[in-house]
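The values are calculated or read from the model by the stated rules, or taken from the named source; none is laboratory data. Source: prediction; values computed, not measured. Cβ coordinates were reconstructed from backbone atoms using ideal geometry, including for glycine residues, and neighbour counts include every protein chain displayed.
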Protein chains: 2
Amino acid sequence: MGEFDLIARYFTRPARRSPLGVGDDCALLQPRAGMQLAVSTDLLLEGRHFLSTVDPGRLGHKALAVNLSDLAACGAEPLAFTLSLALPRIDQAWLAAFSQGLWALADAHGCELVGGDTTRGPLAINIAVFGEVPAGAALLRSGARAGDDLWVSGTLGDARLALDAFRGSVSLPQDVFDAARLRLEVPQPRVALGLALRGIATSAIDVSDGLLGDLGHILAQSGVGARVDAVEAASLLAAAKAGLALATDRIEDLVFAGGDDYELAFTAPASARSAVRSASARCGTPVTRIGVIEAQAGLRVVDAAGHVIPRRFAGFDHFGA
Amino acid sequence: MGEFDLIARYFTRPARRSPLGVGDDCALLQPRAGMQLAVSTDLLLEGRHFLSTVDPGRLGHKALAVNLSDLAACGAEPLAFTLSLALPRIDQAWLAAFSQGLWALADAHGCELVGGDTTRGPLAINIAVFGEVPAGAALLRSGARAGDDLWVSGTLGDARLALDAFRGSVSLPQDVFDAARLRLEVPQPRVALGLALRGIATSAIDVSDGLLGDLGHILAQSGVGARVDAVEAASLLAAAKAGLALATDRIEDLVFAGGDDYELAFTAPASARSAVRSASARCGTPVTRIGVIEAQAGLRVVDAAGHVIPRRFAGFDHFGA
């Protein structure tokens with residue numbers, strides 16, 4: 001049995017939803033009538049997007065999760081994905097654990113692996129993910145309107161807190177670290193919320209590079225500005241809620257520019273507040289209203305008294321620090 | 001302007017065929033009614049799939065070409081692609097040349113870039129490509145039947161000859177080297193031939209890892225064997241046709257196991273010979289009949305007298321040599 005066959009063993013299963021899966025030059029997908037196919041892709045490199053010491057099962061989970069998060073932000077239902085994998089060596093224990101983490105999340109979302117590519121090289125993972133969304137129903141970055149509420153799902157900043165702890169720049173109590181580490185290593189894509197928000201949200205984006213940076217994309221593409229409540233936003237750091245004492249500036253940095261959150265930021269008319277809360281309750285994903293969309297361009301973070309905080313919150317940039 | 005904006009400048013164009021292109025969490029594709037979406041992906045790494053000295057424009061071409069070749073092998077019409085790019089640094093001259101090579105081939109096939117991801121890291125290129133094919137019409141690896149003719153498009157082995165010259169293991173006259181180098185660096189995906197073979201070919205595969213290895217996939221998935229005429233096959237090395245003197249064994253190694261050819265190997269009933277030749281003529285892609293599919297499992301290479309050549313031809317393996 002050749003090395004390729006060893007790899008194939010971990011990543012080949014019969015296709016169930018797709019007309020043709022792994023094993024030919026192409027896979028075949030068949031979106032249902034009236035559906036568009038949503039497509040996204042993410043490339044993860046060791047040392048840049050994950051630590052070399054990460055548990056391979058969690059890495060398998062996260063590699064797919066960050067892609068499913070893009071489908072969630074469009075309100076698309078996961079259908080299938082491809083996996084390109086560069087491996088420095090063939091390590092069966094690693095492959096078994098990685099594929100197990102990948103399959104568990106894929107199965108939870110009914111998303112099947114239909115193809116891929118494998119080669120030897122520095123550890124790199126590229127997934128392209130495919131989902132279905134009714135024509136015209138996708139949540140876009142361009143639909144926010146002045147007067148809309150600004151919402152965020154779940155919690156923000158804890159993934160970055162865990163990363164800072166790994167890097168030694170902060171010391172955390174074990175229970176706080178364990179919880180934050182789960183947010184960093186096992187993010188839960190908000191697929192159910194994205195589906196529930198179709199027809200309610202006017203725009204959405206997944207928060208992967210830091211809230212303010214990602215929110216900036218909505219503002220730019222919608223031609224609007226926003227006012228964000230710093231106190232509401234700061235409440236989104238789970239570690240702070242759990243009692244970790246941190247300076248306000250530090251909390252704001254984590255929440256506004258932490259990165260790796262994989263939550264949804266979205267806008268909806270004020271008239272849709274109960275619909276948003278009901279969607280949130282239905283899928284068990286908490287949401288918090290943290291601001292409002294304004295006609296005036298720019299992003300204003302305001303304190304409890306409504307004064308603009310002049311401080312600059314650095315965005316997350318894979319080509320930056 | 002941030003570094004990301006610099007990169008985006010080279011890879012952002014308005015979508016024309018797709019409902020939504022670059023710039024949101026997902027792109028949106030809309031296959032026409034009755035069409036399936038063919039999907040394939042290839043990961044190219046510096047030093048493994050291309051030399052670090054390769055011209056970036058040619059690299060841009062090849063990165064897309066190897067993916068279009070997979071669509072060709074399925075008889076799918078190119079529609080769109082995503083590009084994931086890891087770059088060690090932001091080099092504008094490199095990006096300009098790379099994107100120019102990429103766009104030229106994309107435009108030639110009406111295939112538009114709809115999304116991607118960029119990060120800093122060792123040079124790596126992952127493309128996922130999407131094409132349309134009428135439901136049930138895709139050319140698969142599994143349809144070869146005993147008695148079918150075995151065909152190959154274009155020429156084989158010259159890309160590997162150029163690679164051997166780069167590596168210094170063979171010395172070539174300049175004109176032979178130049179021609180072989182074009183085959184290595186600027187492969188032409190046989191998209192038109194793949195489309196023309198729909199309804200004619202019973203199976204197809206793109207020859208990327210060496211003819212015999214790739215043909216082996218057709219045989220395995222179709223549950224058949226094949227007899228390949230060594231003399232016909234050896235005639236497929238363009239360099240030999242052009243007068244390069246090489247030992248027969250060496251020619252056979254190049255043709256049978258060279259790799260990086262991006263031609264189509266396909267099967268069709270003997271009754272379809274004129275249809276195959278007519279398809280070949282219509283799209284200006286020569287084809288050569290090099291063997292026959294047999295019920296007996298296994299792959300037999302035979303000499304001019306019809307005797308099986310007992311020699312083993314090594315397949316190309318990205319995890320091998």
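Listing for the model above:
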quantity: Count of residues meeting criterion [closer than 14 Å to A:V152 by Cβ and among the small types (G, A, S)] in region A:217-226; calculated: 1
quantity: Per-region count, region B:106-128, residues of a type in the set (A, V, I, L, M, F, W, C) and more than 12 Å from chain A (Cβ to nearest Cβ); calculated: 3
quantity: Any chance A:A97 is within 30 Å of A:P134 (Cα to Cα), at pLDDT 95 or above and away from chain B (no Cβ under 13 Å); calculated: no
quantity: Count of region A:30-48 residues which are without any contact (Cβ under 8 Å) to a residue 60 or more places away in the chain and either loosely packed, with under 14 Cβ neighbours inside 10 Å or under 18 Å from the mean Cα position of the chain (by Cα) (or both); calculated: 2
quantity: Residue match in region B:236-259 (condition: under 22 Å from A:G23 (Cα atoms) and aromatic (F, W, Y)); calculated: yes
quantity: Condition met for A:L68 (of a type in the set (A, V, I, L, M) and under 24 Å from B:L123 (Cβ atoms)); calculated: no
quantity: Unmet criterion (only one of (1) outside the structural domain of A:D261 (by TED's automatic domain parsing); (2) buried (at least 18 other Cβ atoms within 10 Å of the Cβ)) for A:P122; calculated: (2)
quantity: Scope region A:30-50; condition acidic (D, E) and facing chain B (nearest Cβ under 8 Å); matching residues; calculated: A:D42
quantity: Condition check for A:G75: outside the structural domain of A:Y262 (by TED's automatic domain parsing) and without any contact (Cβ under 8 Å) to a residue 24 or more places away in the chain; calculated: no
quantity: Filtered residues of region A:208-219 (kept if touching a residue at least 60 places away in the same chain (Cβ under 8 Å) and in a helix (DSSP H, G or I)); calculated: A:L212, A:G213, A:L215, A:G216, A:H217, A:I218, A:L219
quantity: Test: residue in region B:284-304 that is under 22 Å from the mean Cα position of the chain (by Cα) and part of a helix (DSSP H, G or I); calculated: no
quantity: Qualifying residue in region A:138-155 (condition: at pLDDT 95 or above, crowded, with 24+ Cβ neighbours inside 10 Å and under 25 Å from A:C26 (Cα atoms)); calculated: no
quantity: B:S142 hydroxyl-bearing (S, T, Y) and assigned by TED's automatic domain parsing to the domain that holds B:S278; calculated: no
quantity: Filtered residue count, region A:157-202, keeping only those that are among the basic types (K, R) and in a helix (DSSP H, G or I); calculated: 3
quantity: Those residues of region A:129-174 which are more than 14 Å from chain B (Cβ to nearest Cβ) and of a type in the set (D, E, K, R), in sequence order; calculated: A:R145, A:D148, A:D149, A:D158, A:R160, A:D164, A:R167
quantity: Single residue of B:D24, B:D42, B:D55, B:D91 found to be over 15 Å from B:I125 (Cβ atoms), charged (D, E, K, R) and assigned by TED's automatic domain parsing to the domain that holds B:T118; calculated: B:D24
quantity: For B:T53: the one exception among (1) within 30 Å of B:R167 (Cβ to Cβ); (2) without any contact (Cβ under 8 Å) to a residue 12 or more places away in the chain; (3) facing chain A (nearest Cβ under 9 Å); calculated: (3)
quantity: Among (1) small (G, A, S); (2) under 21 Å from A:T202 (Cβ atoms); (3) assigned to a helix (DSSP H, G or I) - the single one A:A240 does not satisfy; calculated: (2)
quantity: Qualifying residue in region B:60-77 (condition: within 11 Å of another protein chain (Cβ to nearest Cβ), at pLDDT below 95, surrounded by 21 or more Cβ atoms within 10 Å (Cβ to Cβ) and touching a Ser or Thr at 6+ places or on another chain (Cβ under 9 Å)); calculated: no
quantity: Candidate set from region A:1-29 (those that are at the interface with chain B (Cβ under 7 Å from one of its Cβ atoms) and within 18 Å of A:F98 (Cα to Cα)); member that is nearest to the chain's Cα centre (by Cα); calculated: A:F4
quantity: Test result for A:D249, within 14 Å of another protein chain (Cβ to nearest Cβ), closer than 20 Å to A:V170 by Cβ and either among the small types (G, A, S) or touching a residue at least 12 places away in the same chain (Cβ under 8 Å) (or both); calculated: no
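Okay, residues lined up against (1) among the hydrophobic types (A, V, I, L, M, F, W, C); (2) surrounded by 15 or more Cβ atoms within 10 Å (Cβ to Cβ):
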{"residue": "A:A238", "(1), (2)": "yes, yes"}
{"residue": "A:D249", "(1), (2)": "no, no"}
{"residue": "A:F266", "(1), (2)": "yes, yes"}
{"residue": "A:G284", "(1), (2)": "no, no"}
{"residue": "A:V287", "(1), (2)": "yes, yes"}
{"residue": "A:I293", "(1), (2)": "yes, yes"}
{"residue": "A:A304", "(1), (2)": "yes, no"}
{"residue": "A:P310", "(1), (2)": "no, no"}
